[in-house]
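Below is one structure, written out as structure tokens; comments come after it.
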Amino acid sequence: MTETPTPAPSRSRAKQSPATLGVKRFLFHLVLIAAAMVMIYPLLWMLSASLKPLDEIFADPGLIPSSWEWGNYADGWNALPHPFEKYIWNSMVIVAGSILGNLVSCSMAAYAFARLKFPMRGMLFAIMLGTIMLPIHVVIIPQYILFNNLGWVDTFWPLIVPKLLATDAFFIFLMVQFIRGLPKELDEAASIDGCGYWGTYLRVIMPLCMPALATTAIFTFIWTWNDFYSQLIYLRDVDLQTVPLALRLFMDSTGTTNWGALFAMSIVALGPIFGFFLAGQRYLVRGIATTGIK
């Protein structure tokens, strides 16, 4: 019996030398660094502009200022009717209420859709998903009429209360997908131990949903902190205005703008976003990855 000769491995499958792999890895990282520099160039330019004199911001396209104007930060901090910390505090209040509302209400709605059986569950879930396609401009007028009749215009309530009613369908869908990936045997074991629906929700489901909850918190923080349209509609009093509205105040009706102070406070406004994102980055990546594969 003759043995069939083993074909020689093709050149494409041959093991590449360490030098070749090193060159490919170097080129790959070089491309990534170049793409990253293109993406962060606007941020670097804004940081550079916040440290330039006013007459040099648009005259010199370079990133290194010829003279460092640190006074832009002090001018911007005190240029508005209130110190800039007032607007940061207002934004923090709205963000904290929005995060708390989304975490509580969206997790409860997601648990109901993922685990409980009730009439018309499928249709209600489909309607909930359909609300994702509705732009805010469609519902802003009836919402404004409702909140105006309640006397909530010029308060924080129109920006916080809807979050307590599970109005963000995206986060409900995110948590539903995550909870569906958890073994149902955990619910059965909790039921045997005497836990009802609330006990299972609080003691079993929520501790396991930390990645999804962190993802919800991070996206809620970023979207609420950067929200300009809704806050412009409901907040008229300068004492209640937030960071996005405060940045708009640097541009007056005459067209004159203190660009150095504006860019300086824009850099300050980015600080909480970067801090919150870096603090929860690990949970964010885990939450998105596990939600996508469940």
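Miscellaneous remarks
- Yes/no for THR131 being touching a residue at least 60 places away in the same chain (Cβ under 8 Å), polar (S, T, N, Q) and either assigned by TED's automatic domain parsing to the domain that holds ILE88 or not in a helix (DSSP H, G or I) (or both): no
- Total residues in segment 27-86, condition assigned to a loop (DSSP other than H, G, I, E, B) and surrounded by fewer than 16 Cβ atoms within 10 Å (Cβ to Cβ): 15
- Selection of first residues in segment 189-206 that are under 14 Å from MET108 (Cβ atoms) and of second residues that are of a type in the set (D, E, K, R), restricted to Cβ pairs under 6 Å at least 6 apart or on distinct chains, gives the following pairs, ordered by first then second residue: THR200/ASP187.
- Verdict on GLY97 being assigned to a helix (DSSP H, G or I), surrounded by 16 or more Cβ atoms within 10 Å (Cβ to Cβ) and out of contact with any Gly (no Cβ under 9 Å at 6 or more places or on another chain): yes
- Qualifying residue in segment 164-176 (condition: assigned to a helix (DSSP H, G or I) and over 12 Å from SER107 (Cα atoms)): no
- Looking across segment 144-186, the residues that are surrounded by 16 or more Cβ atoms within 10 Å (Cβ to Cβ), out of contact with any helix residue (DSSP H, G or I) (no Cβ under 7 Å at 6 or more places or on another chain) and either polar (S, T, N, Q) or not assigned by TED's automatic domain parsing to the domain that holds ILE99 (or both) come down to THR155, THR167.
The values are calculated or read from the model by the stated rules, or taken from the named source; none is laboratory data. Bear in mind the structure is a predicted one, so any value in this text is a computation, not a measurement. All Cβ positions, glycine included, derive from the backbone under ideal geometry; neighbour counts span all protein chains shown.
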